[in-house]
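The values are calculated or read from the model by the stated rules, or taken from the named source; none is laboratory data. None of these values were measured; they are calculated from a predicted model. All Cβ positions, even for glycine, are placed from backbone atoms using ideal geometry, and neighbour counts span all protein chains on display. These area figures cover heavy atoms from the full protein model, side chains too; ligands, DNA and RNA do not enter into them. Shrake-Rupley method; radii C 1.70, N 1.55, O 1.52, S 1.80 Å.
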There are 2 protein chains.
Amino acid sequence: MKAQIRVLGIDDSPFKFRDEKALVVGAMVRVPNYLESVMRTDVTVDGTDATEKLIEMVSRSRYRDQVKAVMLDGIALAGFNVVDIKGLCDELHAPVITVTRDKPNLEKMKTALRGHFPDWQRRYSLISSLELRPITTEHKPIYACAVGSSWGEAVELVRMVTVRGAVPEPVRMAHLIASAMVRGESYGRS
Amino acid sequence: MKAQIRVLGIDDSPFKFRDEKALVVGAMVRVPNYLESVMRTDVTVDGTDATEKLIEMVSRSRYRDQVKAVMLDGIALAGFNVVDIKGLCDELHAPVITVTRDKPNLEKMKTALRGHFPDWQRRYSLISSLELRPITTEHKPIYACAVGSSWGEAVELVRMVTVRGAVPEPVRMAHLIASAMVRGESYGRS
């Protein structure tokens, strides 16, 4: 039953660098775009707790055993709080797919990380170990990486929850919610 | 173009009576259930600022001129912060429709208001001036009142944004978002 497939989209709120924490929102969506549950947590700006906080948020969810896949907007939350995608996938027993509209420039990122974090190598290796590949959409392509599923399955899952534009609905909704809580109103590019 | 019709659903978060404010969320939905924008404000628990705060929230929205109708979960936010539905409709130049799953008991409400608020008559007259009528759905009926549109138009608008169960999507989504922000996770009855 395709209609029963649930995908959890995750995104963070905008933040200012003097903020200690940023809000992180999860939107549980039934294929293709029926919002079924919303969840929240917070993570430390530029911290190292993103993976742990996401595991905790999903683990306490009533839908934890029904999550068919987790989709993240990029690989880092709240600045450079990099998510260990493989670790998240192992803990949640579900494929984890990152999606991003713009292909990141790894060399620039390396320089930024090295300039700011004593543990830059760990952060950079989490980022650079993943291979981003394009998924074509009606709109521009979206770049994704998948852990815990074949590439073909990941592409199918992303397409199942993409309604307009390039961004999968669970991630787009999580983004709209998280931004609105901080900014007062949000509206998405699609 | 039906697909371009936008309905704003509004609901409040759960709160404790010692809280001064409750979160209020607006979910702007394109027919039937495409979430386009999220907005927020807060209102005083048992206060009298709900109407003013809603006008302000909608007025600063990028979509203010595209709102075809506003749907509220009931007529009061944050306890007994009663919304002046007619005033809201006049200010926003859009029909305002309240929906509620259970028909309220006006006599009980009158007693409660009288026991708690020196201005109970004003609050009660805002509530009792509106006539709730049932709209049949696949599920149970939902009770609604409409200001600024004919009853027939209101029924059509409610049905246009009802996907599953009895609650219109804009209100259901606003509810899921507002509760999750306070409770950590939300999941709706439908």
- Selected residue (only one of A:40, A:30, A:18, A:64 is over 24 Å from residue A:129 (Cα atoms), within 13 Å of another protein chain (Cβ to nearest Cβ) and at pLDDT below 95): A:64
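Limited to the stretch A:5-21, what total is found for residues that are more than 18 Å from residue B:173 (Cα to Cα) and touching a residue at least 60 places away in the same chain (Cβ under 8 Å)? Working first, answer last.
Within the stretch A:5-21, the subset more than 18 Å from residue B:173 (Cα to Cα) is A:5, A:12-21.
If we keep only those that are touching a residue at least 60 places away in the same chain (Cβ under 8 Å) too, we end up with A:5, A:12-15, A:17.
Residues that pass the stated criteria total 6.
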- Taking residue A:90 as the residue in question, decide whether it is at pLDDT 95 or above, of a type in the set (Asp, Glu) and open to solvent by 50 Å² or more (accessible area, probe 1.4 Å). yes
- Query: Can you tell me how many residues in the stretch B:1-30 are open to solvent by 20 Å² or more (accessible area, probe 1.4 Å) and among the β-branched types (Val, Ile, Thr)?
  - Reply: 1
- Message: Pairs needed: first member in the stretch B:156-172, over 14 Å from residue B:143 (Cβ atoms) and modelled with pLDDT of 95 or more; second member anywhere, open to solvent by 10 Å² or more (accessible area, probe 1.4 Å) and small (Gly, Ala, Ser); C-beta distance under 6 Å; at least 6 residues apart or different chains.
- Response: B:172/B:188
- Please specify each residue of the stretch B:59-85 satisfying the condition of being closer than 12 Å to residue B:24 by Cα and of a type in the set (A, V, I, L, M, F, W, C). B:72, B:76, B:77, B:78
- Determine which member of the set A:149, A:186 is open to solvent by less than 40 Å² (accessible area, probe 1.4 Å) and either within 22 Å of residue A:40 (Cα to Cα) or within 14 Å of chain B (Cβ to nearest Cβ) (or both). A:186
- Cross-chain or 6+ apart pairs with Cβ under 6 Å, the stretch A:39-63 first and aliphatic (A, V, I, L, M), then crowded, with 22+ Cβ neighbours inside 10 Å and in a loop (DSSP other than H, G, I, E, B): A:43/A:78; A:45/A:78; A:50/A:83
- Message: Condition check: at pLDDT 95 or above and among the hydroxyl-bearing types (Ser, Thr, Tyr). Does residue A:124 satisfy that?
- Response: yes
- Message: Being more than 12 Å from chain A (Cβ to nearest Cβ), open to solvent by 30 Å² or more (accessible area, probe 1.4 Å) and in contact with a Ser or Thr (Cβ under 6 Å, 6 or more places away or on another chain) is the requirement here; does residue B:143 meet it?
- Response: yes
- Message: Need pairs with beta-carbon distance below 7 Å; first residue of a type outside the set (Lys, Arg) and within the stretch A:108-135, second in a loop (DSSP other than H, G, I, E, B) and open to solvent by 90 Å² or more (accessible area, probe 1.4 Å); sequence gap 6+ or separate chains.
- Response: A:132/A:103
- Subset of the stretch A:6-43, residues among the aromatic types (Phe, Trp, Tyr) and part of a strand (DSSP E or B), comes to A:34
- Query: When you look at residue B:171, is it within 14 Å of chain A (Cβ to nearest Cβ), surrounded by fewer than 20 Cβ atoms within 10 Å (Cβ to Cβ) and of a type in the set (A, V, I, L, M, F, W, C), yes or no?
  - Reply: no
- List the number of the failed condition for residue B:158; all other conditions in (1) within 14 Å of chain A (Cβ to nearest Cβ); (2) surrounded by 15 or more Cβ atoms within 10 Å (Cβ to Cβ) hold. (1)
- Note on the structure: Quick count over the stretch A:46-62, residues being farther than 19 Å from residue B:177 by Cβ and open to solvent by 20 Å² or more (accessible area, probe 1.4 Å), is 9
